[in-house]
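Scroll down for the structure; my scribbles are underneath it.
No lab work stands behind these numbers, since they all come straight from the coordinates. Note that the structure is a prediction, hence the values are computed from the model and not measured. Cβ coordinates were reconstructed from backbone atoms using ideal geometry, including for glycine residues, and neighbour counts include every protein chain displayed.
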Amino acid sequence: MFDFLRKDFLWRALDAGYLDELDRKISYQLKIAQDLSIYELLRDKENLDIAEIGGGSSRTLRRLARNNRCVNIEKFEGRNAGPDREVVIEGVRNVHAYVGDFDKAIQNDSFDAVYSVSVVEHIVDDQLGEFHEDLLRILKSGGVFFHAIDMYVKDSPMEYAENRLSGYRSMVEDNRVRPFGVVRDVAAVFESSMVSNPDNIMHGWNLYAPHLSELRQSSQNVSLIVGGIKI
């Protein structure tokens, strides 16, 4: 799986009533569509070991934990506007660690599924490989991973965005990974079929990340969906 999140998916998920199944809701923004993209893939799973990376006060784990053994891999240190104190979710075990640190608190081959929402974009370029290595370490053979990754894209390619897109693509081109679903040859350029963040939400983000305000004025905030299966 490698494509930008598209409106046709979002509208199908909304028509199917999936948003009503999530217990904790926020005002509409890109994260809602990202949640739904992950939730659709895992909503019918039962008796699996599932982990969310950097879940904070996760909206999806609250539901998935009803039928699965769920873990939130989160240090609750307030990074990137996340919670700065521990959040307890019924049926979810918190593991205070970062994927990429090879922390022994997370054993090898632990999970059937690992996913993240609005996390991977915060990992700097030279640590992206270690993050992916550690992710494969904690996945069981045959386990799946999914990432909903924020990206800023313009009407024409930006070098940084294209470089990041290439780094993300390497996750599904790894010879230890079999792609989950369709892998599309996409460019980091805005298309009208993409789901994007409302402008008022991006304006609000300027309060805690003002250094990106100029970029937000000239680009759209969209989501890449990356998925693979560990061989």
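Each residue of the range 221-231 in turn: what ³J(HN,Hα) in whole Hz from Karplus with 6.51, -1.76, 1.60 and θ = phi - 60°, glycine and Pro shown as x?
Here the 3J(HN,Hα) series is 9, 10, 10, 8, 10, 10, x, x, 10, 6, 6 Hz.
Kirkwood hydrodynamic radius of the range 109-156 from all distinct Cα pairs, in Å?
Mean inverse Cα-Cα distance, inverted, gives 11.9 Å.
7 Å from Cα along Cα→Cβ at both A81 and N67: what's the point-to-point distance in nm?
According to this spin-label approximation, the distance is 3.2 nm.
Give me the number: length gained by fully extending H96 to Q29, i.e. 0.36 nm times residue separation minus the C-alpha to C-alpha distance, one decimal in nm.
Length difference between fully extended and current span is 21.4 nm.
Just to be sure I understand the model, the point goes 7 Å from the Cα along the line to the Cβ. What's the resulting E40 to D20 distance in nm?
Calculated label separation equals 1.8 nm.
Using the beta-carbon distance between S192 and D125 and R0 = 30 Å, what value does 1/(1 + (r/R0)^6) give for FRET efficiency, to the nearest 0.05? Please list the in-between numbers first.
On the way: r = 29 Å, r/R0 = 0.97.
Using R0 = 30 Å, I get an efficiency of 0.55.
Please compute the contact order of the range 2-230 in relative form: average sequence separation of alpha-carbon pairs under 8 Å and at least six residues apart, divided by the residue count, as a percent.
Value for the range 2-230: 25 percent.
What does the extension gain come out to for S170 and S156, with contour length at 0.36 nm per residue minus their alpha carbon separation?
Working: separation 14, 0.36 × 14 = 5.04 nm, distance 2.23 nm.
Length gained between S170 and S156: 2.8 nm.
Using Cα positions and a limit of under 17 Å, work out the lysines in reach of K75, with same-chain residues fewer than 8 apart set aside.
K104
Rank-order 63-74, 178-189, 163-174 by packing density, defined as the average count of other C-beta atoms within 10 Å over each peptide's residues, highest first. Mind dumping the intermediate values first?
Working: 63-74: 21.0, 178-189: 14.2, 163-174: 16.5.
For the peptides 63-74, 178-189, 163-174, the packing ranking is 63-74, 163-174, 178-189.
For the chain, what does the helix formula give at 222 nm: sum of -39500 (n - 2.57) over DSSP H segments with n ≥ 4, over the residue count, nearest 500 deg cm²/dmol?
Taking each H run of at least 4 residues, the total per residue is -8000 deg cm²/dmol.
Run down the lysines and flag those whose C-alpha is under 30 Å from the C-alpha of K154, throwing out any fewer than 8 positions away in its chain.
The qualifying lysines are K7, K25, K31.
Which percent of Cα-Cα pairs in the range 2-230 sits in each 10 Å bin, short to long?
7, 33, 40, 18, 1
Looking at the chain as a GNM with Cα springs under 10 Å, which of K104, K45, K75 has the largest mean-square fluctuation?
Maximum fluctuation in the GNM of the chain, among the listed residues, is at K104.
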